[in-house]
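Here's the structure we're looking at; comments come further down.
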Amino acid sequence: MLLILIVFLLLSYSFFYGMEVAYISSNRLRLELESSSERWTDRSLKYLFEHQPQLLASLYLWARVSFVFLILALFSYFSQFVASAEWCLLFWVVPLTLVLLFLSVNLALSLVSACNPTSTFRFFSLFLTLLVFLSYPFVSLLFSLARMFKINMDEFSPFNINVVSNDKDGADDFVAEGNESADDVDDEVRMFQNALDFSNVTLTNCIVPRTEIVAIDVNSPVEKLTELFVTLHYSRILVYKDNIDNILGYVHSSDLFDRPLAIKDMLNPLPVVPETMSANRMLRIFLQQHKGMALVVDEFGGTAGIVTLEDIMEEIFGEIEDEHDDDGDGLVAKNLGNGEYVLSGRLEVEAVNERYGLHLPLSNEYITLAGLILYKNCMLPQPKERVTIDNYEFSIVRVVSTRIELVRLTVKS
C-alpha cells in the first residue's frame with residue numbers, strides 16, 4: 001500500500017511541476033486568443049488567465065505538499081527495515097528522495113518537451129481550474145500572510161512571468177506556430193504577420209512607380225481629360241505642369257459634373273511625402289487629412305510615384321483590387337514557348353528573371369518591365385513598336401495613356 005502511495009505522490013509531484021513548466025513554455029498569446037470562444041475548455045483558459053497568481057500559487061503549493069508527503073511515505077516504508085529512525089532518514093530516505101525527485105523532474109520535462117506545451121496546458125485547463133477552486137482557501141491565506149508581512153509574491157514565486165507576452169517576439173512565435181499547424185487559418189496568420197511587419201514597411205514597398213502614373217497637363221483641354229476618365233475608368237487623375245516632376249494636384253471624375261472651363265478650376269490638393277516615410281505614418285496622414293492618395297517624391301524632389309490608401313492596406317490584408325490594379329485574375333505572365341512570353345508591364349524585372357531564367361538587366365533606376373523599356377527607350381513606345389534591349393526584343397501590345405500594360409518578349413538566339 002505504501003509503495004502505491006509513493007508512486008502516486010511521485011507522479012503527482014511530476015504532474016504539478018510539469019504543469020508549471022507547460023504554463024511557462026506555452027504560447028500564451030495563442031491561448032489568450034483561443035479563450036475568447038464559449039467552449040468549456042476555453043472558458044477555463046479565460047478563468048486561469050484572470051487568476052494567474054492563484055494558479056501559480058496552487059501549482060507551487062500542491063507540488064510542495066506532494067514533496068512533503070513523499071518524504072513521510074518513504075520514511076514510513078523504510079522504517080520497517082531499519083531499527084534506528086535517524087539512520088533510516090540519513091541513509092535511505094534523503095538519498096532516495098533526491099534520486100526520485102531528480103527522475104520525476106526529468107520525466108516532467110521530457111513529457112512536456114515531447115508534447116506541445118500549449119496543447120498540454122489547454123488539455124488540462126479544466127482540471128487546473130478545479131484545482132484553483134479547491135486551493136482557494138489555502139492560497140487566500142497565503143496571500144493574506146504575504147500582505148501582512150509585505151512580501152512581494154511575484155518575487156517569491158520562482159516563475160515571475162506574465163500571462164501574455166506583449167512584445168513582438170512573443171507575437172512572432174504565435175505566427176510561426178500558426179504557420180506550422182493551422183492550415184485552416186493561413187489567411188489570418190498571414191494577416192497577423194503582415195500587421196507585425198507593418199512598422200518596418202516604407203512607401204518604397206507599396207507605391208505605384210512614376211512610369212505607371214496616369215497624368216495630364218494642366219493646359220490640356222477638358223475634353224481630353226474627359227476622354228481619359230471614360231477610357232481608363234479611373235476616379236482620379238493627376239495633373240502636372242510641363243513635366244511629371246511638377247505635380248499640381250489631382251482631378252476627381254465627379255468634378256466634371258460642374259462643367260468646368262479649364263482643368264485648373266478642378267484641382268484638388270495632394271499630400272506630398274518622401275519615399276522613405278513609413279507606411280504606418282502614411283496611414284495616419286490619410287486618416288487625419290481624410291485623403292486617399294498622396295504624391296511620393298524622391299530625395300531630389302522629383303516624382304517617385306503615388307501611393308493610395310488601398311496600397312497601404314494591402315500591406316496588411318493582402319491584395320485589394322482597385323483602379324490601379326490590372327483587371328482579371330492578376331498580372332499576365334504566359335510562356336508561349338520557343339523563347340516567347342506575354343507579360344504585364346507591371347511585372348518586376350527581377351521576378352521575371354527568376355521565374356523564367358532570363359537575364360534582363362537590373363538597375364536602381366527602375367523596378368518593372370515598363371520601367372526597363374522606358375529607361376532604355378527614353379520615350380513612351382506606341383503599340384506594335386519594337387524595343388530591343390541586349391538579346392531581348394519587346395513588342396508593345398497595349399499602352400494606356402502613359403502606361404505600358406502588356407508586352408510580348410522574344411529571346412533572340
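For the reader, a short list of remarks on this structure follows.
- For Glu275, residues with placed amide H under 5 Å, excluding near neighbours: Val297
- Percent breakdown of C-alpha pair distances by 10 Å bin, ordered from the shortest bin, for region 229-305: 17, 44, 32, 7
- Theoretical gain in end-to-end length, Asn243 to Val342 [0.36 nm per residue, Cα-Cα removed]: 32.6 nm
- Fewest-first ranking of Ser278, Ser125, Ser254, using other Cβ atoms within 10 Å as the exposure measure: Ser254, Ser278, Ser125
- Residues Leu287 and Asp258, FRET efficiency given R0 of 25 Å [Cβ-Cβ distance, rounded to 0.05]: 0.35
- Per-peptide average of other Cβ atoms within 10 Å, ordering 136-149, 232-245, 380-393, 5-18 highest first: 5-18, 232-245, 380-393, 136-149
- Projected label points at Met313 and Leu2, each 7 Å from Cα along the beta carbon direction, are separated by 7.4 nanometres.
No value in this document is a laboratory result; all are computed from the given coordinates. Only a predicted model underlies this, so the values are computations on that prediction, with no experimental measurement involved. With ideal geometry, Cβ positions are generated from the backbone for all residues, glycine too; neighbour counts draw on all protein chains shown.
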